[in-house]
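Inspection log for the structure reproduced underneath, given as structure tokens.
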Amino acid sequence: MKVAVVGLWHLGTVIAACLGKAGHEVVGIDEDRTVIAGFVLGKPPIFEPGLEETCKAAVQAGGLRFSSDLASTSDADLVWIAYDTPVDEQDVADVEFVKQKVQTILQHLRPETLVLISSQVPVGFTKSLMEYAQKVCPEKELLFGYSPENLRLGKAIQIFMEPDRVVVGISHEKARLKVLDLLKSFTDNIVWMSIESAEMTKHALNAFLALSITYINEVAAICEQVGADAKEVELGLKTEARIGSAAYLGPGAGFAGGTLARDIEFLSQLSSNNGLKSPILSAVRLSNDEHKNWPARRLQQKLLNLDGKVIAVLGLTYKPGTDTLRRSSAVELCEWLLQQGSTVQAHDPVITALPQKKHSAIKLKNSIREAVNGANAVVVATEWPEFNEITAEQLTDLMQQPLVLDANAFLKKNLASDRKIDYLTVGKA
């Protein structure tokens, strides 16, 4: 099948690479010529395990090429919209950006092309595009569908190639047949529904995950005060048949990155626009924002005055397996520490430079040892596997004070049993 994937950031690059490797004839399109130039040199614009290799394999097999011209969609059987919907600091998405891009693309398409949208957009977005197409080019009889993105950073290639299921909302039986042809080499477990239901599924799923995270972290905060262990409480919950072992109930850091928060904002706005109140949804962001203060609160409890203290921050990216810094809780913590007068020594395996204007005061170190040397405290902010190399002896030898804040207990096996180290995790007194 001839496929055009439009918007080559994390989502679009993964889609294009995997479809090209699977044998489809794919053109990856992005109007940023710098991004396209990088692809030509074999370098995707973002880091994701296995992505560069998958791109190269698809290109070498003749299944993937790149273009900066939206008109390159003209001979596609299916156009997959994968723009990264811009979002501001209040988690409000710039949906008009995506809408204007898609409206421009429609003029280039041939009759009965399927426009499959996976960008994060609110319920009703795809319907508005269908109405627009019916108004400006009814003779083309374009098909539309919506499939919620299932992008899990750090495992994106594996999840796309071997999904547990794919949700797809369609407007017409012809669209269903095209999606079946597109995905037959990946899965036959496709959950079919209306376009509006598919859009709503994305909102509801992310909101539920966000709610689960904030719920267990509120419980964990109480556990810290009353002597309970939140990890043991987690075990008690997950062994309950009505909840289950796969529940998103791990006490630890709050959610970051903007993805979950974007859908919380979508639902809150939809609720407000329809004259409804949604107190649970409204409270999720407030709860998460409060919990994101956990490292700051614990550092102040232990060190009292942070002015002049040296704090090592291990990991800066939004999560392991990516080089994304946008909306990173680690970076936000660094900025707060600098405001307190602390010296921040940070190390991240994939970050070799930081935007100078905003983060110039952060001292980026080349190794874990350099980052923790002379520190009064270490904050484990991103769970990179490389950090498992840390030993208790290294910390006690190099640090001024062996204080470690590890929200998710990532290094518990390495450090928790050493009585010389003051080891703090979420949910444990």
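The values are calculated or read from the model by the stated rules, or taken from the named source; none is laboratory data. All values derive from a computational prediction rather than experimental measurement. We place every Cβ from the backbone using ideal geometry, glycine too, and count neighbours over all the protein chains shown.
You will find that of L325, L316, the residue that is surrounded by fewer than 21 Cβ atoms within 10 Å (Cβ to Cβ) and within 20 Å of the chain's Cα centre (by Cα) is L325 and no other. Of all residues in the range 108-137, those satisfying the criterion of being in a helix (DSSP H, G or I) and of a type in the set (A, V, I, L, M, F, W, C) are F125, L129, M130, A133, V136.
Scanning the range 285-312 for residues that are farther than 28 Å from V14 by Cβ and outside any helix (DSSP H, G or I) yields N293, L304, N305, L306, D307, G308, K309, V310, I311, A312.
Here is a yes/no grid of residues against (1) farther than 22 Å from G427 by Cα; (2) assigned to a helix (DSSP H, G or I):
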site: E370; (1), (2): yes, yes
site: A375; (1), (2): yes, no
site: E383; (1), (2): no, no
site: N388; (1), (2): no, yes
site: E393; (1), (2): yes, yes
site: D397; (1), (2): yes, yes
site: Q400; (1), (2): yes, no
site: A407; (1), (2): no, no
site: F410; (1), (2): no, no
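The set of residues in the range 68-88 that are in a loop (DSSP other than H, G, I, E, B) and either touching a residue at least 60 places away in the same chain (Cβ under 8 Å) or at positive phi (or both) comprises D75, A76, D77, A82, Y83, D84, T85.
Out of L260, L211, L237, L267, one residue alone is assigned to a helix (DSSP H, G or I), outside the structural domain of P320 (by TED's automatic domain parsing) and over 23 Å from the mean Cα position of the chain (by Cα). It is L237. Counting only residues that are under 20 Å from F186 (Cβ atoms) and either assigned to a helix (DSSP H, G or I) or of a type in the set (S, T, N, Q) (or both), the range 1-55 holds 16 of them.
To keep it simple, each residue is scored yes or no on (1) closer than 26 Å to R297 by Cβ; (2) surrounded by fewer than 20 Cβ atoms within 10 Å (Cβ to Cβ); (3) not basic (K, R).
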position: L177; (1), (2), (3): no, yes, yes
position: L182; (1), (2), (3): no, no, yes
position: T187; (1), (2), (3): no, yes, yes
position: H203; (1), (2), (3): no, no, yes
position: F208; (1), (2), (3): no, yes, yes
position: T214; (1), (2), (3): yes, no, yes
position: A220; (1), (2), (3): yes, no, yes
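State yes or no: is K358 closer than 13 Å to L316 by Cβ, part of a helix (DSSP H, G or I) and modelled with pLDDT under 95?
yes
In the range 340-355, the qualifying residues are those that are more than 24 Å from T391 (Cα to Cα) and at pLDDT below 95, and the one that is surrounded by the fewest Cβ atoms within 10 Å (Cβ to Cβ) is A353.
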